[in-house]
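Structure record follows, encoded as structure tokens.
The values are calculated or read from the model by the stated rules, or taken from the named source; none is laboratory data. This structure is a prediction, so every number in the text was calculated from the model and none was measured. Neighbour counts are summed over all protein chains in view; Cβ atoms, including those assigned to glycine, are modelled from backbone coordinates with ideal geometry. Each accessible area value is taken on the protein alone, full model and side chains, heavy atoms only, with ligands, DNA and RNA left out. Shrake-Rupley method; radii C 1.70, N 1.55, O 1.52, S 1.80 Å.
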2 protein chains.
Amino acid sequence: MPSAVRLGVIGAGSAVFSVGVVKDICLRESLAGSHVTLMDVNVERLEPMHAFARRYASELGADVTFHMTTEREEALREADFVINTAMYGGRDFVEELRAWTEEHGYYRGFRANDILNIRLMVSVARDMERLCPDAWLIQAGNPVFEGCTAMTRETGIKVCGICHGHFGYRELAEALGLDPDKVTAQAVGFNHCIWLTHFEYEGRDALPLIDEWIAEKSEEYWSDYHPHYWENQMARAAVEIYKLVGLYPIGDTTRKGGWWFHTDLETKKKWYGEELGGFDSEIGWGVYLRELDEEVARIHAALSDTSGRLTDIFRPEPTGEQHFPLIDALVNDSRRELQVNVPNRGAIEGIPDDVVVELPAMCSARGIQPYHVGRLPQLLMASVLWPRLLEAEQLIGASVRPDVRMLMAMVLEDHRTESYEQAVRFCREVLSRPGFEEVAEEMRRNGPLPELQC
Amino acid sequence: MPSAVRLGVIGAGSAVFSVGVVKDICLRESLAGSHVTLMDVNVERLEPMHAFARRYASELGADVTFHMTTEREEALREADFVINTAMYGGRDFVEELRAWTEEHGYYRGFRANDILNIRLMVSVARDMERLCPDAWLIQAGNPVFEGCTAMTRETGIKVCGICHGHFGYRELAEALGLDPDKVTAQAVGFNHCIWLTHFEYEGRDALPLIDEWIAEKSEEYWSDYHPHYWENQMARAAVEIYKLVGLYPIGDTTRKGGWWFHTDLETKKKWYGEELGGFDSEIGWGVYLRELDEEVARIHAALSDTSGRLTDIFRPEPTGEQHFPLIDALVNDSRRELQVNVPNRGAIEGIPDDVVVELPAMCSARGIQPYHVGRLPQLLMASVLWPRLLEAEQLIGASVRPDVRMLMAMVLEDHRTESYEQAVRFCREVLSRPGFEEVAEEMRRNGPLPELQC
């Protein structure tokens, strides 16, 4: 007996993400009868996705209805689940801001846009408190770590961040010559900052195989290393981070690492691969943006060919993403272990209860029940998790009930900042950028902008 | 009825400190009959202090006996109290290491010597566990924050760090035109990182007077600003830090501030005063070292003049330091509020229980009972206290059961480090310096030194 749900998708104009949502819900018979409201502020990006969804469901004969709206409230009212994949201002805004911050000395950008993303997330969760207070919010858009933590603190909404980065353990298994389907792994920490605590192959500890691979095979591997932009699981940077902190970084964790991997393109190439310099270099990111554009063009082309079948081009196979397995587990009690981002509440020692951590959890009609992790090695805490948490606290403090001094702390903490004067000037100018009007105004209301001496 | 105590002083060759100890115990009649063992590894520095102590006590007719030894065990055996003011290697070692780290890109030095100081402190506390397990350890030598935290974690010894920096609130009162004797103040945090939460003048909130002074009088004050090297309570840096974090920094807190105050001498002069550039510039520190030498010379001159009286030159007045008020409070139940450094145990929210915090406490026969502080503003936590705690955790991790990767984390976190290669090279070379043989050996035993790729 399927359970129909009412789902609101915020930011449904994100073409690649929405194609995945449409496929996954249409293919999940246990959710038959469900109703999906696709919402985006950009109607030009939204309309094709709505058309795609209706036609795709119809081709499959799936019992799912789709509605579209540019009004957030309409997508939230009476929802059982909300998936939020929205990004403040969209990609153009992010790239413009990145270019501008690069001019101010921040190579590959300063994450000021995340202030706006976190505020957007909290504003969605606040709306949910009015319109669907019992619904689950599944957070897909970044920054998952800071956004979920802020929403947990600011509202009573049940929040779960979902990301696919933890599947990186499968890439690791493959590189070691192991069948990924015979491997189990536990990676915990914060979103995009997770660490391999356990790794078993056919029931036996496979962690020593990583050391063996590094000692015996890594140099040969890197001598012919041509990763896609999204592949960094076996980059030199990943191994170096592992040597520095004692646990292997999984998924997007390697992308960040430390400031020292990112000082310039040459350094990025050394650590992430000669061709692209990793996902986040000007080259790798350029490839990502181009492929994204190509995929959007492919969706539009398929839509405009009314004689063809969408399902011939976008094959009806589940994406492997966890959003609908989670929804199914919660409403149909189909008990399964998923990798979630939920409030810590004692799962990882030394992390406050109200900080959202990423870890495996049993998901079922009982809700999301994270596995207790306990104490992680002090080296990992002191060299990675606490520093990352500190960055999160400063970013949240600059975003929610925002304080300009938290923004200053963030900027001063940044290794690329070279002087106090630069930091003061940069903070002032960020706050006068388009998009920051509201946050700047709130900062002024929450206390005087200090007249910093320069 | 006085209570005689057995006191061991470790590092008693520190002339200025020991003169203070001798004065304070000789003048405190409630401790009459006490016995003091002065211990130092440097007999040439120790002997004159022993001679000074005996002659000073005799001139005063004080009922205190002094003994000297170069054996630490002798000073600890059956002690009721131990005061540790030792500094690993002494001043010459520190200055040599500073000069060497400056050559490696760390202006005014990298605090690698604190690794050795912390190890020395823990080793004293471990000896106390064998020789005087019930004694109080009063820690005077730096780093008080990390050292006391490490000793608390590693041993069962009762540890209390004592420092005079919190008296900076009196300088603040004077600058504001208030009688310091009519002011009460609470400054809390970590040693050398304490923040004014309360400030009352004749029972009324005097915190607003700070803002008034800044708005109306600070520029005039700084237009004719000629501080001694130890005076920084009213420096531009102090006011700027206050603007950045919301609470006024007290005492030595201002000396650190943030990396941006210390990039070069010119910057230091701007923030700490044109003449000296503050306590920690090459100028200010030079004055400090010279005055220290002059004071030692004065002690030696007084000693060699056997016809004169020491008490004519070193007047028999209490120093105002808290060591003997604390001892007296504990053994004679003379209840008094003192500023102490003791394990947090819930006093400051958001700081782990086993971290040593600085705060006021009621001291009496019941022991040291810190006042509960509660929640401090999030801005202070996220911009100052947690970052400072993180530095402490890395330093402790590089010192006690030392891990070279903790040292790497410390070096990489340092804003003066410009590349990964520099960090790797610097760590390796620090560990091959004289004095670091034992810690390097332990690091190797505690795990392989990672073969960092460079």
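Details
- Long-range HN-HN contacts of A:ARG433 with modeled amide H, under 5 Å: none
- Shape class of the range A:344-415 from the Cα gyration tensor (axes a ≥ b ≥ c, square roots of the eigenvalues): oblate, since a/c reaches 1.5 or more and a/b does not exceed b/c.
- Heavy-atom accessible surface of the range B:250-354: percent carbon and sulfur, 1.4 Å: 50 percent
- Shown for A:ASP264: label points 7 Å from Cα along the beta-carbon vector, and their distances to the equivalent points in the other copies, 2.0 nm in ascending order.
- Remark: for residue pairs A:LYS23/A:LYS256; B:LYS217/B:LYS243; A:LYS217/A:LYS270, the C-alpha separation exceeds 23 Å in A:LYS23/A:LYS256.
- For the chain pair A and B, the interface hides roughly 3400 square angstrom of accessible area in total, found with a 1.4 Å probe.
- In nanometers and ordered shortest first, the copy-to-copy spacing of the A:ARG54 label point, defined 7 Å from Cα toward Cβ, is 10.4.
- Nearest-first distances (nm) between copies at B:MET1, label 7 Å from Cα via Cβ: 8.4
- Alpha carbon centroid spacing (whole Å) that separates the range A:408-444 from the range A:1-53: 37 Å
- Taking the range B:210-288 and dividing mean pair separation by its residue count, relative contact order in percent (alpha carbons under 8 Å, at least six apart): 29 percent
- Cα centroid of the range A:331-364 to Cα centroid of the range A:216-293, whole Å: 28 Å
- Span from the the range A:71-120 Cα centroid across to the the range B:133-197 one, whole angstrom: 45 Å
- The DSSP beta bridges internal to the range B:100-220 are antiparallel in roughly 70% of cases.
- The range B:346-454: trypsin sites (Lys or Arg not before Pro) in DSSP loop, at most 10 other beta carbons within 10 Å: B:ARG375
- Gyration tensor (alpha-carbon) shape descriptor, chain A, a/c threshold 1.5: rounded
- Only protein atoms count toward the accessible area here, which uses a 1.4 Å probe; on the range B:51-114, the carbon and sulfur part of that area reaches 45 percent.
- For chain A, relative contact order (Cα pairs under 8 Å, six or more residues apart, normalised by length) works out to 14 percent.
- Value of relative contact order over the range A:239-373, rounded to a whole percent, pairs C-alpha under 8 Å and six or more apart: 13 percent
- Among the residues of B:368-379, the average count of other protein chain beta-carbon atoms within 10 Å of the residue beta-carbon is 1.
- Paramagnetic label zone (point 7 Å from Cα along Cα-to-C-beta, A:GLU74; backbone N under 17 Å) in the range A:1-44: A:7-14, A:35-44
- A loss of 30 Å² or more of accessible area (1.4 Å probe, protein heavy atoms, ligands and nucleic acids excluded) relative to the isolated chain is seen in these residues of the range B:232-251: B:GLU240, B:LYS243, B:LEU244.
- DSSP beta bridge pairing in the protein assembly as shown, given as percent antiparallel to the nearest 5: 55 percent
- Helix-derived mean residue ellipticity, 222 nm - over chain A, DSSP H n ≥ 4, -39500 (n - 2.57), to 500: -13500 deg cm²/dmol
- Extending 7 Å from the Cα toward the beta-carbon at both A:LYS217 and B:ARG315 defines two label points whose distance is 7.9 nm.
- Heavy-atom accessible area per residue - chain A, 1.4 Å, Å²: 41 Å²
- Rounded, prolate or oblate (a/c below 1.5 giving rounded, otherwise prolate when a/b exceeds b/c) for the protein assembly as shown by Cα gyration tensor: prolate
- Protection proxy ranking of B:171-180, B:250-259, B:153-162, by the mean of other Cβ atoms within 10 Å over each peptide's residues and highest first, is B:250-259, B:153-162, B:171-180.
- Karplus 3J(HN,Hα) series, Hz, for the range B:384-389 with 6.51 cos²θ - 1.76 cosθ + 1.60 (x for Gly, Pro): 9, 5, 5, x, 5, 4
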